[in-house]
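The values are calculated or read from the model by the stated rules, or taken from the named source; none is laboratory data. Just so we're clear, the structure is a prediction, and the values are computed from it rather than from any experiment. Every residue, glycine as well, gets a Cβ built from its backbone with ideal geometry; the counts of neighbours run over all protein chains shown. Calculation scope for accessible area: heavy atoms of the full protein, side chains included, ligands and nucleic acids excluded. Shrake-Rupley method; radii C 1.70, N 1.55, O 1.52, S 1.80 Å.
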Amino acid sequence: MSDSSAKPVSRRKFLKGLSQGAAAVATAGVAGGAMHAAATKPATESGEKNKVQYGMLIDLRRCIGCQACTVACKAEADVPMGVSRSWVEYVEKGRYPNVGRSFLPRLCNHCSEPHCVRVCPTGATYERPQDGLIVIDQGVCIGCLYCAQACPYDMRFLNPVTRFADKCDMCIHRVSKGLVPSCVNTCQGRARIFGDVNDPGSEIHKLIARNPVAVMRETYGTQPNVYYIGLDTTDENTRKPGQYVRVTTNKARSTKRT
Amino acid sequence: MEHHLIMWHWPMIVYLFLAGLGAGAMAVSGIVVLWGPTGEFRHRAALIARLGAFIGPLPVIIGTGLLIYELGRPFRALNLFTSNFWFMVLNPSPMNWGSWFILLFCVVATIYALTFIPWKALLSGERGERLEARSERLRAPMATVCVPLAIAMAIYTAILLAAVPARPLWHTPVLWLLFTVSAFSTGLSAIILVQRFMFRKPGAVRGAVRREDPAFRVTEYYLVSMKVLLIIAELVVIGLFIMFAHMTINSANFAVRTLLPGGEMATAFWLGVILVGLLLPAFIEGFYLLRTAVLGHEFEWPYVINVSAPIAILFGGLMLRYVIVVGGQITGPIGI
Amino acid sequence: MVDRRNFLRIGATAAAAAVASPVKSALAASAAQSKTGASESQFFLEGGKDYSYLRGIEKKATPSACWQCVSRCPIVGFTEDGVLTKIEGQPKSIRSLGKICAKSQAGINQVYDPDRILYPMRRTGERGEGKWKRISWDEALAELAEHLKRLREAGEPEKFMFHYGRMKGGTSKLVHNFLNAYGTGTIGNHTSLCEGGKWTAQELTWGSHYDNWDFDNTQFVLNFGSNIFETHTNHISTAQRLIRAMVDRNVRLVTFDVRLSNTAAKSSDWVPIRPGTDLAVVLAMCHVIMREGLYEAGVPFLEFCKVTADYRDSVDDKIEALKKHVKEYTPEWASEISGVPSWRIVEIAREFANRQPACVISYRGAVAHYNGNETERAIQMLAAITGNIDNPGGRCKAVGASWDYPKPKKTPKTRKLDLMDGFAGQVAFPTHHVSHQVFERIKEGSAGRPEVYLWYCYAPVYANGDCKVNEEILKDESLLPFTVSVNPFYDESAALADMILPDTTYLERFDWEDMVSPNQVPEFYIRQPLVAPLGESRNFADVCCDLAKRLKLKIGAKSMEDFVQKSCKQTKIVKKKARGFRGMRKRGVWHDKRDKPRYFSYRQDVKAKELKKKTILFDEATGVYWDWKKAGIGSLEVAEAQGYTSTNKAYRGYVAQQFGERVHVGFAPDKLNKSGYFEVYSSLMEERGLPPMPTYMAVPEHADLAPDQLVLTTYKVNVHTHSRTMNCRWLAELYHENPAWINPATAEALAIREGDTVKVSSAIGEIETEVQVTPGVVPGVIAISHHCGHWQYGRFASGKPSPQGVDDVPDRDTRWWNRNGVHPNWLIPNSPDPINGQQRWMDTVVRVSKIKSA
Ligand SMILES: Nc1nc2c(c(=O)[nH]1)N[C@H]1C(S)=C(S)[C@@H](COP(=O)(O)OP(=O)(O)OC[C@H]3O[C@@H](n4cnc5c(=O)[nH]c(N)nc54)[C@H](O)[C@@H]3O)O[C@H]1N2
Ligand SMILES: Nc1nc2c(c(=O)[nH]1)N[C@H]1C(S)=C(S)[C@@H](COP(=O)(O)OP(=O)(O)OC[C@H]3O[C@@H](n4cnc5c(=O)[nH]c(N)nc54)[C@H](O)[C@@H]3O)O[C@H]1N2
Ligand code: SF4
Ligand code: SF4
Ligand code: SF4
Ligand code: SF4
Ligand code: SF4
Ligand SMILES: [Mo]
């Protein structure tokens, strides 16, 4: 209890939240090709140059679905059994012999307009002003999981050990010491690139600028900071009759097959 | 489809149900106080108002307690109230506002309930008289506050869910109406049920009301009619709810399929909510109502039905929350 | 009980800490650290360090080597207060480039496996009954030494049989030192289960075994049955190079597989193919290349090839011979057999020949068949005629670190029971033994039986075909009177042992490693303990040293650490440039910066002076210079009379090969007396009455299948290694069930739907499994991975805690699934490729019928 009262107000990004809304409108993206919806690119040009925004770019061409990131993530924070901060979905589709399987690594998008922050009744979930990461202050969280309901990406869960809300925190304990996140470190395809998306000198910024990128579920207006190259937007739920699509989430406890 | 984790379980379901029920009961009570009959039905109205007022805060307090208990760390829940005012204004989380609101509701509802305590009978002497008089004076003004508060409370239980776009089944413009109608019908049913237990035997006397009174029958008739009307309203709203979702493209459309035949929640929905919770009581009660209305029979019915119809409605109300809370969680946004 | 497993309490404390002191501290620490402006690009360190998640403090880093699979990638382990909490790739490694896979990330689970065997155990009930008592190491080793002493004194050391599975690097050497000193040659391995057949086929063509695929320099990759993005014996090192080549340089990858593996899925093209028919396709590609004259790039290489009976034939003769040999193998013919459209065969053949350099790769999907030997030989031929052998961007001869290590001075001549090479006449060239026949040989008894059977890193019951028979034999005290399992885990085989010696896991022991480099530059690296061995577990190599002491044998080292230390001293370059043992312990990996990638090794000249040595003889028939003395022959006369080819193990004396006017080191033989040529034409095969040139042969069982008969294929997945990772909770959580894949067309024909339960039966057994109907598998095939269906091994693998399993652990109830999947090896008979002895994993014919609807 004492820690919550000691919480500095500045940590809650309420003022910044207002200015960001405007920025979001200014940089709203244009529609892309059939393969990927063009994502809103980072807000470098919109007068927010100085804002550090850590994010990730996942180059799906390089992803071989190996799940090393999934397990690295488990190990890094000793994420308990049955829940996952990160996972790799397999999407299989087609008709024999023209069948494909694509891989989609998932993690918290560290959204610039995060629904999880909007609904959190205590301010436990907040955006770090110094790097734009969305984190959970477990000293404040009450475990109500409203945030988990609000996240359009299913990124949040109740940690069965701590009994608080949990999710990918972009490995702040590593990145704040100048190390890439654990999942990035292990990725043998170098499919995951971490960095400051607003820093024109960073690898991630350059890659986003040079490639057609997409974010997930852009229509939800969350403005994700996890970008994808080569995002296959096939979803099992939107398939046409008679079309074979199988999505295996590989998420703990929900590896349901269909 | 992607199988989502269910994170809000029975405590939340029960909480939403009880909160609606309490709000409904209090609303009914307030309405009766403000616009209820006078004259020959006076005593009956007073009884209903009293029961509603007494029921009002209880389920809300129990439901909230249950939720807090479920969180596991009761004192942590106080964090809901420790964030500063500007945070609340600038980051208007329905749950944050909701918690203040529930607090307010519980306080107001309790005061309102206190105005119904028969002080005279409890405390002899002048103090009893004074309190009783003051209560009676306070009752109507309190009721004017309580009715909107209760309706807001009922709506809040829906807003909590409807506020999140990530749950397409919840994120519909009809949910508040559905939950409000259901709150009224469950609140009313709770009142009826309680008084049925009170008037179990003929000759039972509660205050100024006797079961044999013709007034009793007539009020019964009106109450049951009201309930049936509410059921019909609820059916209409459910129809709207499904239609809205169904006519929406993508996610909501997909989500509502979980309620439609073949969906994962279909059995609970069609059996629990529609059949047991709505159609069955509507038909049975409707039958006796029509007997009176059309054939002019005296309004009389077997005690079993007398009790089971409101129970069925209450059950249906619970199932409605279940279906919506679970169905909303197992469905989600579609599209990668 | 408490001191029994104090490591397990750490888990509980960590959990408690998480509750008490949440990420707060990390948050606070990082807030203080974070940079203020974004004007300067911030560079993030890729690896080599890690910080405590809960406490923010830096963890202790120790370099070591992974062993979750055979690839043995260099790693760095991170500990907090002596508890291993994280494993990363070794960023300094030129092989793995600091990357590891999912299995390696879960290595921690091996160490802290709640079902680990931590104390020696002796059976108390019947064999296999599951009744055990804990004994001391002294008791255990006294009993074992007693047995060994008795056998040795009786002059029958060969009745001590040692059977190993995954034993590599320095451990293999030290254990062999012990076995040699003791005098037994009855040493079994598991290579025929694995890829022994591929190796033999390579030994028949280019001498030694193991091919490295030079993805960094290739322009095109043609894949027959390698699941390189999920498996491979050098997985992490090669997979990342391949995907990089594909994305950065647009290298196309064409994969032939009977199912849509992740590799097939990630390939530019997946070409579905009927099981066991790769040979036809490869031969047809050779046909296209020869017919269309696309072999130009291969012409210079043909000089180094033997394509006809006479090694002196000209390149033109060779081309003619090749043309003639592949003439009948038309794409139409191959299409009929394999189901691959002929136009595709033609197009891919052209692409392969026209892109230079190109790399043809192959693994068990191509070789674990009746005709696997010929398939691999044909693939070698395909690479040869396009000049893609040992060249940048092609199929290269493997390069690994060569360690020097202590050996015992004088060892007795070993004796052995002839159990390892299958039944007489069963296999023509069992150069890597026929281990899946060992049990049958023991049962049959004609070659004698071991009295002490000890196995190590090996799961005889589970990993071989025909689990039922394996179980029966291992259980039978009349066949195997005394059995010892060396094992950190209670697997299906250990459950049938008389004694279990608790080994350490790979993260608690010393070793040196020499795995092949993907970039043709050798890398030296070592394994060292990241944490002290838990309980009383002891590294088996150390146990061998202990046994040697008890038996008064000299094996060259006091302990494994001592052995590694001495190896670092003995290996000159490591001593001089890598600062020996201490340097290696600090760095973990080392390579010579001046080393250039090694290609065209066969072209190295041999100086005339070297050939002048007295004991060196020129063999007219083969053009080989060989040292008869090194080959173990007493005199020049005998050597001349016998000739190179007919001298037993003459390859040991091989020195060089005559190529026209020149003498090169050539393709030196390893296990067979072949010449120094790249032998497309194998005289050794011919001598055995086998086709000298790679020739089509069909899998006999696959002819005329009934409609309900399918071919069973087994495969590996990216997050498991064989049977031995299923108790790693993070991996088991990801993959613990293996429904059988069948094609929609097949399913329809058999009236089977997704989720139905079917009975799959073969000639030797049956299993019941759920079905997954997917277009990602060829019609007529049923594919079941071989990782699941444990009936022992611990709570996560089988739901059954081991006899020493502990219940007071935080992860006790965390297994949230309740089905273990099935093990296909109950259906697969032990049956060798008749040429090389490879177990035919992918050939089994099964009947499939529905028994329960979904
Ligand atoms: N993740 C993981 N990696 C491993 C291992 C592990 O257990 N797990 N084990 C290691 C070891 S010891 C080895 S030997 C290697 C083995 O590595 P691989 O040989 O690459 O792996 P397998 O899964 O045995 O077989 C490869 C593929 O052959 C396909 N196949 C089956 N029949 C046919 C056929 O007739 N034709 C063709 N073209 N394909 C066919 C299968 O569908 C499968 O995808 O992997 C090593 N790496
Ligand atoms: N159906 C089918 N069967 C197959 C294959 C297939 O493709 N299909 N693949 C085959 C292949 S490629 C191979 S290589 C073999 C592998 O066969 P094995 O080498 O026998 O199998 P593993 O699962 O690698 O490990 C065997 C045992 O080693 C023990 N072990 C693990 N770690 C240690 C340790 O640190 N020390 C000691 N002493 N023991 C340890 C475990 O108890 C485990 O049961 O399986 C083969 N089996
Ligand atoms: S580690 Fe990299 S390649 Fe592997 S699944 Fe994750 S993102 Fe894909
Ligand atoms: S992905 Fe979900 S949890 Fe993460 S920031 Fe966005 S809304 Fe919040
Ligand atoms: S669970 Fe915690 S972080 Fe999530 S909304 Fe509730 S208080 Fe906020
Ligand atoms: S950034 Fe860290 S917490 Fe997030 S997915 Fe990667 S490893 Fe997990
Ligand atoms: S490929 Fe094998 S050795 Fe390399 S990291 Fe993975 S499990 Fe370890
Ligand atoms: Mo293997």
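Would you work out what percent of the accessible area of the protein assembly as shown, with all protein chains in place, is carbon or sulfur (probe 1.4 Å)?
Working: 29710 of 52070 Å².
Reported share for carbon and sulfur atoms: 57 percent.
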Next item on the list: Find how many whole Å separate the alpha carbon centroid of region A:142-184 from the alpha carbon centroid of region C:589-626.
Entry: 59 Å
Margin query: From the protein chains alone at 1.4 Å, what is the descending order of accessible area for A:Leu107, C:Leu553, largest first?
Written below: C:Leu553, A:Leu107
Next item on the list: Report the accessible area of B:Val236, computed with a 1.4 Å probe over the heavy atoms of all protein chains in place, in Å² rounded to the nearest 10.
Entry: 90 Å²
Note to self: I'd like to know which of B:Ile231, B:Ala109, B:Leu259 lies farthest towards the positive end of the charge dipole of region B:3-329, counting +1 on Cβ of Lys and Arg and -1 on Cβ of Asp and Glu.
What the structure shows: B:Ala109
Item checked: Dipole of the protein assembly as shown, positive direction: furthest Cα of C:Pro481, C:Asn519, A:Thr222, with charges on the beta-carbon -> A:Thr222
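How large is the charge dipole for region B:3-329, taken about the Cα centre, if only the Cβ atoms of Lys, Arg (+1) and Asp, Glu (-1) carry charge, to the nearest 20 debye?
Working: 23 positive and 14 negative charges, 109 e Å.
Dipole size: approximately 520 debye.
Relative contact order for region B:3-329: what is it in percent, counting Cα pairs under 8 Å that are at least 6 residues apart?
Working: 442 pairs, mean separation 76.3, N = 327.
Computed over region B:3-329, the figure is 23 percent.
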Check: Taking the Cβ-Cβ separation of B:Thr144 and A:Arg239 as r and a Förster radius of 35 Å, what is the calculated FRET efficiency to the nearest 0.05?
Finding: 0.05
Next item on the list: Specify which residue in the list C:Met290, C:Ala747, B:Ile330 is farthest towards the positive end of the charge dipole of the protein assembly as shown, using unit charges on the beta carbon of Lys, Arg (+1) and Asp, Glu (-1), about the Cα centre.
Entry: B:Ile330
Next item on the list: Give me the lysines in straight-line cross-link reach of C:Lys327: C-alpha distance below 28 Å, same-chain residues under 8 apart excluded.
Entry: C:Lys198, C:Lys306, C:Lys318, C:Lys674
Next item on the list: Using only protein heavy atoms and a 1.4 angstrom probe, determine the accessible area buried between A and B, summed over both sides, in Å² to the nearest 100.
Entry: 4100 Å²
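Taking every residue in A:157-169, how many Cβ atoms of other protein chains lie within 10 Å of its Cβ, on average? Don't jump to the answer; show the numbers that get you there.
Details: counts 2, 2, 2, 3, 8, 8, 6, 8, 1, 2, 0, 0, 5.
So the per-residue partner count for this stretch is 4.
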Next item on the list: Determine which lysines satisfy two conditions relative to A:Lys251: a Cα distance under 18 Å, and not lying fewer than 8 residues away in the same chain.
Entry: A:Lys74, A:Lys167, C:Lys103
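Given a cut-off of under 8 Å on Cα pairs at least six residues apart, what relative contact order in percent is computed for chain C?
On the way: 1970 pairs, mean separation 156.5, N = 854.
Computed over chain C, the figure is 18 percent.
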Check: Can you give the helix-only mean residue ellipticity at 222 nm for chain C, where every DSSP H stretch with n ≥ 4 adds -39500 (n - 2.57) and the sum goes over all residues, rounded to the nearest 500 deg cm²/dmol?
Finding: -8500 deg cm²/dmol
Next item on the list: Could you order C:Ile87, B:Ile249 so the one with the most accessible surface comes first? Probe is 1.4 Å.
Entry: B:Ile249, C:Ile87
Checklist line | 10 Å Cβ neighbours from other chains, averaged over peptide A:132-145 | finding: 5
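Let me check I've understood the local charge: for B:Ile192, count other residues with C-beta under 11 angstrom from its C-beta, Lys and Arg +1, Asp and Glu -1. What total comes out? Could the numbers behind the result be given before it?
Numbers: positive: B:Arg196, B:Lys227; negative: B:Glu220, B:Glu285.
Local net charge: 0.
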Item checked: Hits among aspartates and glutamates - C-alpha to C-alpha of C:Lys614 under 15 Å, sequence gap 8 or more where chains match -> C:Asp627, C:Glu637, C:Glu640
Check: For C:Phe482, B:Phe41, what's the largest-to-smallest order of accessible area, 1.4 Å probe?
Finding: B:Phe41, C:Phe482
Notebook entry, point to check: With every protein chain in place, what's the accessible area of C:Val806 (1.4 Å probe, Å², nearest 10)?
Noted result: 0 Å²
Note to self: Pick from B:Gly39, B:Gly286, B:Gly317 the residue whose mean-square fluctuation is largest in a GNM of chain B, springs joining Cα atoms under 10 Å.
What the structure shows: B:Gly39
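Can you work out the FRET efficiency for the pair B:His297 and B:Arg42, with r the C-beta to C-beta distance and R0 = 30 Å, to the nearest 0.05?
Numbers: r = 26 Å, r/R0 = 0.87.
Result of the calculation: an efficiency of 0.70.
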Next item on the list: For the protein assembly as shown, give the magnitude of the charge dipole about the Cα centre (Cβ charges: +1 Lys/Arg, -1 Asp/Glu; no others), in debye to the nearest 20.
Entry: 3960 debye
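Give the C-A buried accessible area in Å², both sides summed, 1.4 Å probe, nearest 100.
6500 Å²
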Check: Nearest 0.05, what FRET efficiency do B:Leu66 and C:Thr79 give at R0 = 56 Å with Cβ-Cβ as r?
Finding: 0.80
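Run through the DSSP bridge list for the protein assembly as shown and note the antiparallel percent, rounded to the nearest 5. The partial results should precede the final answer.
Details: 80 of 126 bridges.
Of all bridge pairs located within the protein assembly as shown, approximately 65 percent are antiparallel.
Taking 2.2 N^0.38 Å as the expected size of a compact globular protein, what ratio does the Cα radius of gyration of region B:3-329 give against it, to two decimals?
Values: Rg = 20.8 Å, N = 327, 2.2 N^0.38 = 19.9 Å.
Working it through for region B:3-329, the quotient is 1.05.
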Checklist line | Label zone at C:Thr411, where the point sits 7 Å out along the Cα-to-Cβ direction: region C:173-216 residues whose backbone N lies under 19 Å | finding: C:173-191
Notebook entry, point to check: Among B:Ala113, B:Ala133, B:Ala152, which one shows the biggest mean-square fluctuation in a GNM of chain B, springs joining Cα atoms closer than 10 Å?
Noted result: B:Ala133
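Can you give the mean number of other chain Cβ atoms that lie within 10 Å of the Cβ atoms in peptide B:161-169?
Partner-chain Cβ atoms within 10 Å, mean over residues of B:161-169: 5.
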Next item on the list: Mind jotting down the distance between the C-alpha centroids of region B:102-125 and region C:169-210, whole Å?
Entry: 89 Å
Next item on the list: Would you mind checking the pairs C:Lys173/C:Lys569; C:Lys173/C:Lys593; C:Lys86/C:Lys168; A:Lys240/C:Lys850 and listing those with alpha carbons more than 22 angstrom apart?
Entry: C:Lys173/C:Lys593; C:Lys86/C:Lys168; A:Lys240/C:Lys850
Check: Which value at 222 nm does chain B reach when only helices count, each DSSP H run of 4 or more adding -39,500 (n - 2.57), with the total divided by all residues and rounded to the nearest 500 deg cm²/dmol?
Finding: -23500 deg cm²/dmol
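Considering Cα pairs under 8 angstrom that are at least six residues apart, work out the relative contact order of region C:458-527 and quote it in whole percent.
Numbers: 82 pairs, mean separation 15.1, N = 70.
Worked out over region C:458-527, it gives 22 percent.
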Notebook entry, point to check: How much accessible surface does C:Tyr53 have with a 1.4 Å probe, in Å² rounded to 10?
Noted result: 30 Å²
Check: Taking the Cα-to-Cβ direction at C:Ser478 and at C:Ala424 and moving 7 Å from each Cα, how far apart do the two end points lie in nm?
Finding: 2.5 nm
Check: So which chymotrypsin sites (Phe, Trp or Tyr not before Pro) in region C:385-447 end up in coil per DSSP with only 14 or fewer other C-beta atoms within 10 Å?
Finding: C:Phe423
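Taking the Cα centre of chain C as the origin, how large is its charge dipole in debye, to the nearest 20, when only Lys and Arg (+1) and Asp and Glu (-1) carry charge on their Cβ atoms? Write down the numbers at each step before the final one.
Working: 113 positive and 101 negative charges, 751 e Å.
The calculated dipole for chain C is roughly 3600 debye.
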